[in-house]
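Step one of this worksheet: look at the structure below.
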Amino acid sequence: MYNTFKGTGVALVTPFHSNGNIDFKSLDALVKHLIQGGVDFLVALGTTAETATLSEDEKSAVLNAIIDANEGTLPVVVGMGSNNTSHLVSELKSLKTEGVDGILTVAPYYNKPNQRGMYAHFKEVAMNTDLPIILYNVPGRTSSNLLPETILKLASDFKNIVGVKEASGNLMQVMEIIKARPAGFKVFSGDDALTLPMLSCGADGVISVVANAFPKAMSEMVNIMISDNDRYKAMELHYKMLDVTNALFADGNPAGAKALMAHMGMMGNNLRLPLVRVNANLNNELKRLLTEFSK
């Protein structure tokens, strides 16, 4: 399986108008902003996209808008996950794959399956699509930790399982995967603040929220670590972004990202319930950090 994914991927936000409708003009501008910022691939319909609040028609419209704005420039990954395996398989079979280069699929949430259950779930996913698959482990959201031995077995057993977005926050777990992974299997940071440490351990990139706002800085940091291995320059960029990165997640994601991007004039600061805007103090802090970052 040809693995086109490397470097900086971006989990795109979904811009909304104040009335709650999707702001396709801002979405188009966001895609172009990311391309110009030098990112390596786009991730549509992830958690950051508020996908749980989108109808099926809206999901299709958002994905198609991203594909159209991209114009074939970068690989496009689409987020597809469920805690109902048969429902996810049905969605995979009906997915229109033109313009889609891969799938990001989260570990089953809420049900809390054991490792055998998660293996069986991802086996069904792998057997029902020809697209490359990136697993997504985020125990803080799913309440289920996809363990290294399960990830490695899936990577060994299914050629189209080509990587993992690792957001457990556990560097020992990350290193276990990197140490024993099969050739070509990619490990991506799922936590912006841990991207530099993970790259230092041998990870291959990041699927980033921060890069929505700062694609150039994130891409430069990742590329330096992967290609040039200039850790001092990479550290400089990492610490330049660290305060704003922490602030972005202090009152929920993507609320922080949208507040920051509203200050940048990129879109309105609008979310769909149950998500709400960041608190006033954090909003002011994000504005201050943006000014500081831009100096």
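Please treat every number below as a calculation from the coordinates, not as lab data. In this text, all values refer to a predicted model and were calculated from it rather than measured experimentally. Every residue, glycine among them, receives a Cβ derived from its backbone with ideal geometry; neighbour counts consider all protein chains shown.
Normalised by residue number, the volume inside the convex hull of the Cα atoms of region 24-153 is 116 Å³ per residue. The Kirkwood hydrodynamic radius of region 213-295, based on inverse pair distances between different Cα atoms, is 13.5 Å. Packing order of peptides 276-287, 100-111, highest average first: 100-111, 276-287 (average count of other Cβ atoms within 10 Å over each peptide's residues). Ellipticity at 222 nm from helices only: DSSP H runs of n ≥ 4 in the chain, each -39500 (n - 2.57), divided by the residue count, give -13500 deg cm²/dmol. List the pair-distance distribution P(r) of the chain, using every Cα-Cα distance, as the percent of pairs falling in each 5 Å bin from 0 up to the bin containing the longest distance, rounded to whole percents. So the P(r) values, bin by bin, are 1, 6, 13, 17, 19, 18, 14, 8, 3, 1, 0. Listed cross-link partners 25/59; 216/295; 96/186 are compared with a 22 Å cut-off, the Cα-Cα value being larger for 96/186. Sorting 55, 208, 144 from the fewest to the most surrounding beta carbons within 10 angstrom yields 55, 144, 208.
Reducing region 34-68 and region 151-168 to their Cα centroids gives an inter-centroid distance of 23 Å. Can you tell me the FRET efficiency between residue 98 and residue 159 if r is taken as the Cβ-Cβ distance and R0 is 25 Å, rounded to the nearest 0.05? For R0 = 25 Å, the calculated efficiency reads 0.65. For the pair residue 229 and residue 193, a Förster radius of 25 Å applied to the C-beta separation gives a FRET efficiency near 0.75, rounded to the nearest 0.05.
For the chain, DSSP calls about 5 percent of its internal beta bridges antiparallel.
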